[in-house]
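Before any comments, here is the structure.
The values are calculated or read from the model by the stated rules, or taken from the named source; none is laboratory data. Note that the structure is a prediction, hence the values are computed from the model and not measured. Every residue, glycine among them, receives a Cβ derived from its backbone with ideal geometry; neighbour counts consider all protein chains shown. Quick note on the areas: whole protein, heavy atoms, side chains included, nothing else; ligands and nucleic acids left out. Shrake-Rupley method; radii C 1.70, N 1.55, O 1.52, S 1.80 Å.
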Amino acid sequence: TGPTRPPVLLVHGFAQNRYSWHNSHRSWTAWLAQRGWDTWDLELRGHGRSRKAGVSGAEVFSDYVLDVRLAAAALPGPAFWIGHSLGGAALFAAAAEMSTAAQVAAEPLPLGIVGIGAVYSFAQSNRFLKLLGQITHSFRDAPWMSAVQVRTRLAGRLLSRIYGVSDIAGYAFPISGWWPGSIEPAVLQERLELGLDWTSVKVWQEMARWAATGRFEWDEAWSQTDLPLLVIAGDKDHLMPPPDAKVAYARSGSRDRTWQVFDDWHHDVHWGHLDLVLGRLAPIHVWPLVDAWMASRMPR
């Protein structure tokens with residue numbers, strides 16, 4: 001019943017889909033829409049409804065970057081962009097490309113970018129994940145890896161069935177996706193069963209290269225991109241530890257940038273990766289912060 005706010009574009013992470021943001025128990029998309037934001041939930045090519053519509057998966061990570069640019073151009077106006085995990089990397093890269101080509105392409109630059117557990121510097125603070133990336137990178141010339149598509153939903157169903165074990169494993173397992181107890185069993189089960197999707201091994205190979213070399217190809221352009229930026233990290237996020245997540249903030253050319261770590265001292269509990277978006281306390285701590293940050297940067 002209130003005034004409509006600007007568009008918000010949501011982009012999921014690696015091997016995920018629209019259920020990153022929406023659950024029958026808890027929905028950030030519905031919450032945003034209720035608060036007046038014109039909310040759009042992008043499924044990258046080959047994910048979710050995109051695959052059902054006959055769209056094949058990405059061949060390279062830059063396909064995802066192009067998806068973001070095409071989606072942004074199709075919106076009714078300039079939007080705030082929110083990306084989780086690899087979706088954040090796609091937003092950073094798309095904004096960097098658009099900033100350098102803005103006068104030529106005349107694409108609508110985002111009103112601001114929010115990266116949540118967002119990939120930029122990948123696996124530099126997690127030795128296990130870095131080793132996994134290095135091993136994968138050593139097979140980069142193997143032809144059998146280049147065009148393989150992998151469905152992760154079966155793994156999600158398995159994890160959801162053994163909730164007790166997978167939840168406790170979050171204390172020590174180096175690639176745990178959430179902090180123990182941060183997501184209710186019913187919410188997590190639905191999130192894992194519906195939210196894990198297809199992905200391309202080729203895209204993982206590129207991520208492995210980032211892990212092995214410490215280099216993100218859009219770094220130079222990103223360092224010259226001056227757009228409002230909010231980077232959010234979880235204090236116990238094994239997949240994107242705060243030191244890795246903060247590199248996107250540190251390397252940004254933005255004059256309006258904000259860095260926020262959610263931890264148990266200031267925000268009641270420890271925070272992992274998935275729980276930053278749909279955890280039981282996300283509607284209390286994370287969602288209102290993002291809402292207020294965007295509201296204060298809306299066009300007047």
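Descriptive notes on the structure:
- Checking Ala58 against (1) in a helix (DSSP H, G or I); (2) small (Gly, Ala, Ser); (3) under 18 Å from Val119 (Cβ atoms), the condition it does not meet: (1)
- For the stretch 18-44, taking the residues that are of a type in the set (Ser, Thr, Tyr) and farther than 24 Å from Phe61 by Cβ, the one that is surrounded by the fewest Cβ atoms within 10 Å (Cβ to Cβ) is identified as Ser24.
- Counted as qualifying within the stretch 112-184 are the helices (runs of 4 or more DSSP H) with 2 or more residues that are at pLDDT 90 or above, namely 127-138.
- Selection within the stretch 172-212 - open to solvent by 30 Å² or more (accessible area, probe 1.4 Å), within 20 Å of Ala58 (Cβ to Cβ) and under 17 Å from the mean Cα position of the chain (by Cα): Trp198, Trp204
- Condition met for Ala15 (small (Gly, Ala, Ser), open to solvent by 30 Å² or more (accessible area, probe 1.4 Å) and either within 29 Å of Lys202 (Cα to Cα) or not in a strand (DSSP E or B) (or both)): no
- Residue in the stretch 289-296 that is of a type in the set (Ser, Thr, Tyr) and touching a residue at least 24 places away in the same chain (Cβ under 8 Å) present: no
- Looking across the stretch 80-107, the residues that are surrounded by fewer than 24 Cβ atoms within 10 Å (Cβ to Cβ) and not in a helix (DSSP H, G or I) come down to Ala101, Ala106, Glu107.
- Failed item in (1) free of Cβ contacts under 8 Å to residues at least 40 places away in the same chain; (2) surrounded by 23 or more Cβ atoms within 10 Å (Cβ to Cβ); (3) of a type outside the set (D, E, K, R), with Tyr64 passing the rest: (1)
- Of the numbered criteria (1) more than 17 Å from Gly13 (Cα to Cα); (2) open to solvent by less than 50 Å² (accessible area, probe 1.4 Å); (3) of a type outside the set (D, E, K, R), the one Ala73 fails is (2).
- For first residues located in the stretch 30-52 and on the phi > 0 side of the Ramachandran plot and in a loop (DSSP other than H, G, I, E, B), partners that are of a type in the set (Val, Ile, Thr) and surrounded by fewer than 20 Cβ atoms within 10 Å (Cβ to Cβ) and lie 6+ apart or on another chain with Cβ distances below 9 Å form the pairs Gly36/Thr4; Gly46/Val55.
- Close pairs from the stretch 201-218: first aromatic (Phe, Trp, Tyr), partner part of a helix (DSSP H, G or I), Cβ under 6 Å, at least 6 apart: Phe216/Trp210; Trp218/Ala93; Trp218/Ala96
- Scanning the stretch 231-286 for residues that are part of a helix (DSSP H, G or I), within 21 Å of Gly133 (Cα to Cα) and open to solvent by less than 20 Å² (accessible area, probe 1.4 Å) returns Asp244, Ala245, Ala248.
- Cβ-Cβ under 7 Å pairs, at least 6 apart or on other chains, the stretch 108-133 side under 30 Å from Trp37 (Cβ atoms) and of a type in the set (A, V, I, L, M), far side at pLDDT below 95 and open to solvent by less than 10 Å² (accessible area, probe 1.4 Å): Leu109/Met98
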